[in-house]
Structures are given as C-alpha cells and as structure tokens.
Amino acid sequence: TLEGALFDGLGLVDALRHHGIALTGRRVLLLGAGGAGAAIAAALLDTPIAQLSIHDLGDRAERLVERLQVEVCGPRLQAASADPADHDLIIQATPLGMRPDDPLPLDVARIAPGTQVFDILMKSATTPLMRACAARGIEAHPGFEMLVQQVPAYLEFFGLPEVARAMRSDLSGVRQVIAA
C-alpha cells in the first residue's frame with residue numbers, strides 16, 4: 001500500500017502562531033482552493049476563527065466549500081470574491097506571484113489597516129503581494145515559515161516521533177538548513 005499526507009494546513013496554522021498571529025475570532029479570506037488551499041481551509045476549520053471565505057477561479061471555491069461543509073463542523077464557511085474588505089486575515093494560496101508578470105491576487109488598496117497577510121509562496125525573494133502590502137503599511141509574512149513548521153509533521157509521518165518532538169522545541173536548525 002501507499003500512504004500519503006499533506007501538511008500545508010498544519011504548517012500554515014503553526015506558522016501563524018510562530019508569527020504571533022492569533023486566530024480566535026478572525027474573519028479569514030483564503031485565496032486559492034487547490035491542494036494547498038484545501039489543506040489550509042481544513043486546518044483553519046479546526047481553529048477558533050469566526051469566518052472562512054474562500055476565493056478561486058471558476059467553481060473551485062464552491063466545490064471546496066461544499067466538500068468541507070460535509071466533512072467538518074466549523075465556523076461560517078462560504079465561497080467569496082477576492083475582495084479583502086471585511087476580513088482581518090488574508091491567506092494567499094494561489095500561484096500568483098511565482099512569475100514576475102503575474103497580477104496581484106487582490107486589490108491591496110481595499111485591505112483595511114490592521115489586516116494581516118500571509119503569502120504561502122515559498123520564494124526566497126519578497127513576493128509582489130508582500131511588497132504591495134509593505135507599501136501600504138500592511139503586515140505581510142512569507143511562506144518560508146510554513147515549510148519550516150511542517151518538518152516535525154513529516155518526521156512523525158515517517159515514524160520518527162521522538163525526533164519530531166525534539167525538533168518542535170527548536171526549529172532554528174531547520175530554518176538555517178532550508179534557507180541555505
């Protein structure tokens with residue numbers, strides 16, 4: 001048999017905690033309903049967020065919302081536009097920003113002050129979304145920490161729980177290795 005797992009959702013939730021981003025009562029806009037977006041949505045529904053709005057092209061967001069409403073009980077869940085108004089946490093989980101000519105995934109001018117943004121793209125350079133947020137004074141974080149936070153889950157999955165526990169107490173070595 002072959003077993004697999006996807007750790008993007010757990011990694012994102014732990015990365016948010018690492019950055020001091022509380023989830024209780026948050027109104028979250030998730031951009032992207034692909035594999036990573038689906039894992040992130042499922043993990044967010046296990047946290048005390050108030051609302052999860054999912055946006056993607058076509059009917060991908062609607063299909064994910066239907067699937068999640070059947071599989072889990074959670075906060076108010078809906079397919080939505082990419083309009084960031086009325087959200088206080090935005091998670092960018094689309095491939096937009098991988099290429100230099102990609103458009104921004106949303107209108108940054110509509111992000112309210114105090115909103116926090118997390119762009120899951122694991123690029124060494126600052127993404128266009130992060131630069132646009134910085135220009136407006138919006139707090140934005142890169143996806144690098146999401147990858148770092150997944151390492152203990154990988155180790156547990158591969159049958160190394162003791163190593164995973166030791167890693168969780170100090171992930172600085174993982175950050176150094178991945179950044180190199």
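The values are calculated or read from the model by the stated rules, or taken from the named source; none is laboratory data. Computed from a prediction, not measured in an experiment: that's the story for all the values here. A quick note on method: Cβ atoms are made from the backbone with ideal geometry, for glycine too, and the neighbour counts reach across all protein chains shown. Side chains included, ligands, DNA and RNA excluded: accessible areas come from the protein's heavy atoms. Shrake-Rupley method; radii C 1.70, N 1.55, O 1.52, S 1.80 Å.
Quick notes on this structure:
- Residues of the stretch 41-74 that turn out to be of a type in the set (Val, Ile, Thr), farther than 14 Å from His87 by Cα and in contact with a strand residue (DSSP E or B) (Cβ under 6 Å, 6 or more places away or on another chain), as a count: 1
- Criterion violated by Met98 - all others in (1) of a type outside the set (D, E, K, R); (2) open to solvent by 50 Å² or more (accessible area, probe 1.4 Å); (3) over 20 Å from Arg27 (Cα atoms); (4) assigned to a helix (DSSP H, G or I) satisfied: (4)
- Residue selected from the stretch 101-122 under the condition farther than 17 Å from Phe144 by Cβ and outside any loop (DSSP other than H, G, I, E, B), by the criterion most open to solvent (accessible area, probe 1.4 Å): Arg110
- The set of residues in the stretch 123-141 that are part of a loop (DSSP other than H, G, I, E, B), at pLDDT 95 or above and surrounded by fewer than 20 Cβ atoms within 10 Å (Cβ to Cβ) contains only Gly137.
- Test: residue in the stretch 142-155 that is in a strand (DSSP E or B), at pLDDT below 95 and either within 18 Å of the chain's Cα centre (by Cα) or among the basic types (Lys, Arg) (or both): yes
- Of all residues making up the stretch 142-162, the number that are in contact with a Leu (Cβ under 6 Å, 6 or more places away or on another chain) and surrounded by 21 or more Cβ atoms within 10 Å (Cβ to Cβ): 3
Each row is one residue, and each column tells you yes or no for (1) out of contact with any Ser or Thr (no Cβ under 7 Å at 6 or more places or on another chain); (2) buried (at least 19 other Cβ atoms within 10 Å of the Cβ); (3) more than 23 Å from Glu145 (Cβ to Cβ); (4) at pLDDT 95 or above.
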position	(1), (2), (3), (4)
Leu6	yes, no, no, no
Val13	no, yes, no, yes
Leu29	no, yes, no, yes
Ile54	yes, yes, no, yes
Cys73	yes, no, yes, no
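- Ala85 falls short on exactly one of the conditions (1) open to solvent by less than 20 Å² (accessible area, probe 1.4 Å); (2) under 25 Å from Thr126 (Cα atoms), and that condition is (1).
- For the stretch 43-52, filtering for residues that are open to solvent by 20 Å² or more (accessible area, probe 1.4 Å) and not in a loop (DSSP other than H, G, I, E, B) leaves 1.
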